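The values are calculated or read from the model by the stated rules, or taken from the named source; none is laboratory data. Keep in mind that what you see is a predicted model, and the values were worked out from it rather than measured. Here the Cβ positions follow ideal geometry from the backbone for every residue, glycine too, while neighbour counts run over all protein chains shown.
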Amino acid sequence: MGKTVFLFPGQGSQFAGMGKQLYDKYSMVSKIYEEASDALGYDLAALSFGADENKLSNTEYTQPALLTLSYSMFRVYMQEIGNEPDYMAGHSLGEYTALACSGAIPFVKAVTMVSHRGKIMQKAVPHGEGSMLVVRGISYSYLNHLCNLSGVMGKRGAEIACYNSSEQFVVSGDTNSISCMERQIKQAGGESISLRVSAPFHCHLMNRAALDLNQELKKHTYHYLQYPIVSNVTSKPYKSENDIIPLLTKQMTSTIKWYDSMLFLLAQGVDQFIELGPGQVLGRLMKQISKQSPAYLIEHIDNYKPKEPEESEKLQVYVQIIDACLANAVSTENINLDDDYTNFVFPPYEKLKRMKDEADKETGSNLRQRGIESIELLKAILFFKKVNVLEVESRLAPIQRSLSQL
């Protein structure tokens, strides 16, 4: 059965007026913007929906504005559609949005965190001394060669900031290096476009900002990730919330491995890519990476119809849920007295075994409820086996995600 990933865009996708239609339609969204505004100390809705695109493109404002809109789109999607993702991935700033949507970082903390991130990135390089280019029409290896040649008098030159697809890259660096890159890219037959950002991200010029960010990140507490999130740095899922500080710190100065991340997701069987953010930047990139994989936009939610699995596929998922529950029950050591085991652990375990034996008798309309019941039985078993609450949540989360396929 196919899988779904939610994609969250980063800077460069913003535009004046973004999210206004969603804000007007859903009271939940207007409340989210109010929460963000209270945390930031200014009216985020007025900034996002106003006509001052230059101010909106200022990094310290862009980041909380984009995160708030994408988070709002996620909440609307879950309210209107409700199908949970198998994975999440965010492009640069979008990784913070994914972490907020996964529950690892509370929304209000995420908003203030990216506001701080924007400020320190803005201060890292004096205005006008850094730039970024979107590059097409030349290979990765040749672009890397040009970056190595762009340094002047031993000074480090431009770097590949984003590896977006086999056809599109972003380079970042000081203004002189980027000007040199523009000329060389044109001479090589490629094309380049200046990116609407106010600082050169994901390169060595962000080293000081990365140190400041690390200190800020250490002030916060992080929580269990409800959904697997693919890291920009490793192009693999976070192992736990303990990865958040080191990976977000490293992300500041490292290449965004978006292409590798999407290839990883395709290899895991993901075939639906849902973009939660303004415009369709990531959707267009996905079409370059895999023309067969549909990319949907939340703005088109009325037209979006999740793929309905076949009856046999639903039954297969239901059996997998029961198998996972049984495996967790059996693999957990019992430390109870014999009477407690007989009275409290044995009965729900036996019921799970009966549900497995009778699975082929279940119908599609009943499978989801029976899946929920099997998870509740496992929860009872783990409770009476005295398993730590956080460990219980960790074990149940991947099983609960499978319910969205029933």
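Taking the numbered list (1) in contact with a Phe, Trp or Tyr (Cβ under 7 Å, 6 or more places away or on another chain); (2) in a helix (DSSP H, G or I) in turn, Pro348 passes all entries but (1).
Is one or more of the residues making up the stretch 393-404 in contact with a Cys (Cβ under 8 Å, 6 or more places away or on another chain) and among the aliphatic types (A, V, I, L, M)?
Keep residues of the stretch 393-404 that are in contact with a Cys (Cβ under 8 Å, 6 or more places away or on another chain), which gives 399.
Retained after the next criterion (residues that are among the aliphatic types (A, V, I, L, M)): 399.
Yes, the stretch 393-404 contains a residue that is in contact with a Cys (Cβ under 8 Å, 6 or more places away or on another chain) and among the aliphatic types (A, V, I, L, M).
Exactly one residue out of Leu248, Leu211, Leu195, Leu217 is touching a Gly at 6+ places or on another chain (Cβ under 9 Å) and aliphatic (A, V, I, L, M), and it is Leu195.
Checked against (1) assigned to a helix (DSSP H, G or I); (2) free of Cβ contacts under 8 Å to residues at least 12 places away in the same chain; (3) more than 18 Å from Ile120 (Cα to Cα), Tyr42 passes all but condition (1). Among the residues of the stretch 80-137, those that are small (Gly, Ala, Ser), in a strand (DSSP E or B) and modelled with pLDDT of 95 or more comprise Ala89, Gly90.
Among Leu146, Leu195, Leu213, which is the only one that is touching a Cys at 6+ places or on another chain (Cβ under 9 Å) and under 25 Å from Gly128 (Cα atoms)?
Checking each option against the conditions leaves just Leu146.
Within the stretch 162-170, one or more residues are exposed (fewer than 15 other Cβ atoms within 10 Å of the Cβ) and either among the acidic types (Asp, Glu) or under 30 Å from Ala65 (Cα atoms) (or both).
Could you say whether any residue in the stretch 217-240 is farther than 25 Å from Pro85 by Cα and of a type in the set (Gly, Ala, Ser)? There is no residue in the stretch 217-240 that is farther than 25 Å from Pro85 by Cα and of a type in the set (Gly, Ala, Ser). Only residues that are modelled with pLDDT of 75 or more and either of a type in the set (D, E, K, R) or not in a helix (DSSP H, G or I) (or both) were counted across the stretch 312-345, and they come to 5.
State whether the residues of the stretch 26-34 include one that is without any contact (Cβ under 8 Å) to a residue 12 or more places away in the chain and surrounded by fewer than 13 Cβ atoms within 10 Å (Cβ to Cβ). Among the residues of the stretch 26-34, at least one is without any contact (Cβ under 8 Å) to a residue 12 or more places away in the chain and surrounded by fewer than 13 Cβ atoms within 10 Å (Cβ to Cβ), which makes the answer yes.
Please find, among Ser172, Ser166, the residue that is out of contact with any strand residue (DSSP E or B) (no Cβ under 7 Å at 6 or more places or on another chain), in the same structural domain as Val135 (by TED's automatic domain parsing) and hydroxyl-bearing (Ser, Thr, Tyr).
Details: Ser172 fails: out of contact with any strand residue (DSSP E or B) (no Cβ under 7 Å at 6 or more places or on another chain).
Unique residue meeting the criteria: Ser166.
Residues in the stretch 248-263 that are in contact with a Ser or Thr (Cβ under 8 Å, 6 or more places away or on another chain) and either of a type in the set (Gly, Ala, Ser) or buried (at least 19 other Cβ atoms within 10 Å of the Cβ) (or both): Gln251, Ile256, Lys257, Trp258, Tyr259, Ser261, Met262.
Within the group Tyr227, Tyr238, which residue is more than 22 Å from Ser13 (Cβ to Cβ), assigned by TED's automatic domain parsing to the domain that holds Glu53, touching a strand residue (DSSP E or B) at 6+ places or on another chain (Cβ under 9 Å) and at pLDDT 95 or above? Can you show your working first?
On the way: Tyr227 fails: more than 22 Å from Ser13 (Cβ to Cβ).
Selected residue: Tyr238, the only one of Tyr227, Tyr238 that is more than 22 Å from Ser13 (Cβ to Cβ), assigned by TED's automatic domain parsing to the domain that holds Glu53, touching a strand residue (DSSP E or B) at 6+ places or on another chain (Cβ under 9 Å) and at pLDDT 95 or above.
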